[in-house]
Amino acid sequence: MRAVVQRVSSARVRVGEEVCGEISKGFLVLLGVSAEDTRQDLDYIVRKILNLRVFDDEKGIMNRSIQDIQGDILLVSQFTLYGDARKGNRPSYIQAAKGPVSEPAYLDCIQELKKSGLKVESGRFGADMEVELSNHGPVTILLDSERNF
């Protein structure tokens, strides 16, 4: 499982004219699921998202988590995180899980994040979405449950 975590001042996702999810200060998380992912991968990603210390403390040092600041989370599915462009110019998505596997994992991730008590919004799985964000910092962290980065 892979996640791109962006610290934001605000973010929202639209499908057509409809706003599906909108947050203020917190994280925009783009989530990719591989065909090999297990519950342990999901637990790892959720734990990392909730405990990443990338928000400033009183000294201006990135030392506080999303839970510490009671921030919001906007989770958006993005299978292209498993795009492999090492050969040629057209990425291969063979490692990305298909909808019947990835959608339940995405929905489980939303539910696990909600257990934290934080506001959790989401995009619409499988939809053509437009994501708007104000990346604060900018701060962007890459997570991979296989610890490739």
- By how many nm would the segment from Gln67 to Leu142 lengthen if fully extended, with 0.36 nm per residue of separation less the alpha-carbon distance? 25.1 nm
- The ³J(HN,Hα) series, computed from each phi in segment 30-35 with the Karplus coefficients 6.51, -1.76 and 1.60 at θ = phi - 60°, rounded to the nearest Hz and given as x for glycine or proline, is 9, 10, x, 10, 9, 5
- The list (i) 9.6; (ii) 9.1; (iii) 10.2 gives values of mean projected area of the Cα convex hull in nm², and only one came from this structure; which label was calculated from it? (ii)
- Report Glu121's accessible area, 1.4 Å probe, all protein chains in place, as a number in Å² to the nearest 10. 50
- In degrees, nearest 10, range 0 to 90: what is the angle between the Cα axis of helix 99-114 and the longest Cα principal axis of the chain? 10
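Whole number in Å², please: accessible area per residue of segment 1-93, 1.4 Å probe, ligands, DNA and RNA not counted. Display every interim value, and only then the final one.
On the way: 4860 Å² over 93 residues.
Accessible area per residue, segment 1-93: 52 Å².
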- Task: Considering only DSSP beta bridges where both residues belong to segment 1-131, give the percentage that are antiparallel (nearest 5).
- Result: 65
- Message: At 1.4 Å probe size, with the rest of the protein present, what percent of the exposed accessible area of the chain is carbon and sulfur atoms?
- Response: 46
- Task: Using Cα pairs closer than 8 Å and at least 6 residues apart in sequence, work out the relative contact order for segment 1-100, in percent.
- Result: 29
- Query: Helix-derived [θ] at 222 nm for the chain: sum -39500 (n - 2.57) over DSSP H runs of at least 4, divide by residue count, nearest 500?
  - Reply: -6500 deg cm²/dmol
- Query: For the chain, modelled as a GNM with alpha-carbon contacts under 10 angstrom, which of Arg64, Arg14, Arg86 fluctuates the most?
  - Reply: Arg86
- In degrees, nearest 10, the alpha-carbon axis of helix 39-51 is tilted away from the dominant principal axis of the alpha carbons of the chain by 30
- Item | C-alpha center-to-center spacing [segment 1-69, segment 103-122] in angstrom | 11
- Roughly how big is the chain's charge dipole about its Cα centre, with Cβ charges of +1 (Lys, Arg) and -1 (Asp, Glu), in debye to the nearest 20? 320
- Item | Whether segment 54-102 is rounded, prolate or oblate, judged on the alpha carbon gyration tensor where a/c under 1.5 counts as rounded | oblate
- Entries in Lys25/Lys98; Lys25/Lys87; Lys25/Lys59 that, when Cα-Cα distance is taken, lie over 29 Å: Lys25/Lys98; Lys25/Lys87
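The values are calculated or read from the model by the stated rules, or taken from the named source; none is laboratory data. Computed from a predicted structure; not experimentally measured. Using ideal geometry, Cβ is built from the backbone for each residue, glycine included, and neighbour counts are taken over all protein chains shown. When the accessible area is computed, the model is the full protein with side chains, heavy atoms only, and any ligands, DNA or RNA have been set aside. Shrake-Rupley method; radii C 1.70, N 1.55, O 1.52, S 1.80 Å.
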